[in-house]
Amino acid sequence: MQNIIFDFGKVLVEFDPHRLYDPVFGGDWEKAEWFHHNITTPDFYDRIDRGDDFAQCIRDMQALHPEYAKEIALYDTNYHDMVGDAKPGMMELLTELKEQGYGLYGLTNWSYKVYAVMERLPIFRLLDGSVISSEEHLIKPDVRIYQRVLEKFHLQPSDCIFVDDKQKNVDAA
């Protein structure tokens, strides 16, 4: 193995919608959890991660749930509040791996808003390259997005491992 391909959210960096929505719901974790699972559903995430028009996705969700229009709008305007710093120990680990000569790459299901995160956090400067789902109009676990990483960076599958927080993505890789 010569290359390690990392997911971003919950692997390289902290990502938690509760960071944004707990304060919105007065610190009530259960209300924020309900909102996260019933309003900002996996279908919503899939659309924005696939690169569908972000503003249209917000408007569609607001039309479905007008009683939460204000809270849904925060997903756009305060998106950065969901993303924390690098996961504890990851900056040191990637630095050590880089020094040992490993190729370090990223593959993430994320909207175009990932670029603001990547600019803010130094851990992303350690990557040799990345593939962002919204640019490819593909999302994990679609096998084509893994093939895209290999093609883009001229990598051989047998020389790579993939690290993700979701088993279905690891299995597909």
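Dipole of region 16-82 computed with +1 at Lys/Arg Cβ and -1 at Asp/Glu Cβ about the Cα centre; of PHE35, ALA63, PRO17, farthest Cα towards the positive end is ALA63. Distance between the modelled labels on ASP60 and ASP46, one decimal in nanometres: 1.1 nm (7 Å Cα→Cβ projection). Taking amide H atoms as placed 1.01 Å from N in the peptide plane, the amide H of PHE162 lies under 5 Å from those of ILE5, each 5 or more residues away in sequence or on another chain.
When a footprinting reagent is the concern and you count Cβ atoms within 10 Å, what order do THR108, THR77 take, fewest first?
Values: THR108 26, THR77 9.
Going from least to most buried by this count: THR77, THR108.
Per residue, the convex hull around the alpha carbon atoms of region 56-141 comes to 119 Å³. For the peptides 79-87, 133-141, the ranking by mean Cβ contacts within 10 Å, running from highest to lowest, is 133-141, 79-87. Taking only the Cα atoms of region 16-82, the radius of gyration and Dmax are 11.2, 32 Å. Under 5 Å from the amide H of LEU107 lie the amide H atoms of PHE6, ASP7, PHE8, VAL131, each residue being 5 or more positions distant or on a separate chain, with H modelled from the backbone and absent for Pro and chain starts. At q = 0.11 Å⁻¹, what log₁₀ I(q)/I(0) does the chain have when each alpha carbon counts as one equal point scatterer in the Debye sum? Taken in order of the listed q values, log10 I(q)/I(0) reads -0.49. Placing +1 on each Lys and Arg Cβ and -1 on each Asp and Glu Cβ, with no other charges, gives region 1-132 a dipole about its Cα centre of roughly 280 debye. Calculated mean residue ellipticity, 222 nm, the chain: -13000 deg cm²/dmol, from DSSP H runs (n ≥ 4) at -39500 (n - 2.57) each, averaged per residue and rounded to 500. For region 59-173, the Cβ-based charge dipole about the Cα centre amounts to some 160 debye (Lys, Arg positive; Asp, Glu negative; other atoms uncharged).
Relative to the current alpha-carbon distance between ASP159 and ASP81, full extension at 0.36 nm per residue lengthens the span by 24.5 nm.
Throughout, read-outs are computed from the coordinates displayed, never taken from laboratory work. On a predicted model such as this, the values are computed, not experimentally measured, just so you know. Neighbour counts are summed over all protein chains in view; Cβ atoms, including those assigned to glycine, are modelled from backbone coordinates with ideal geometry.
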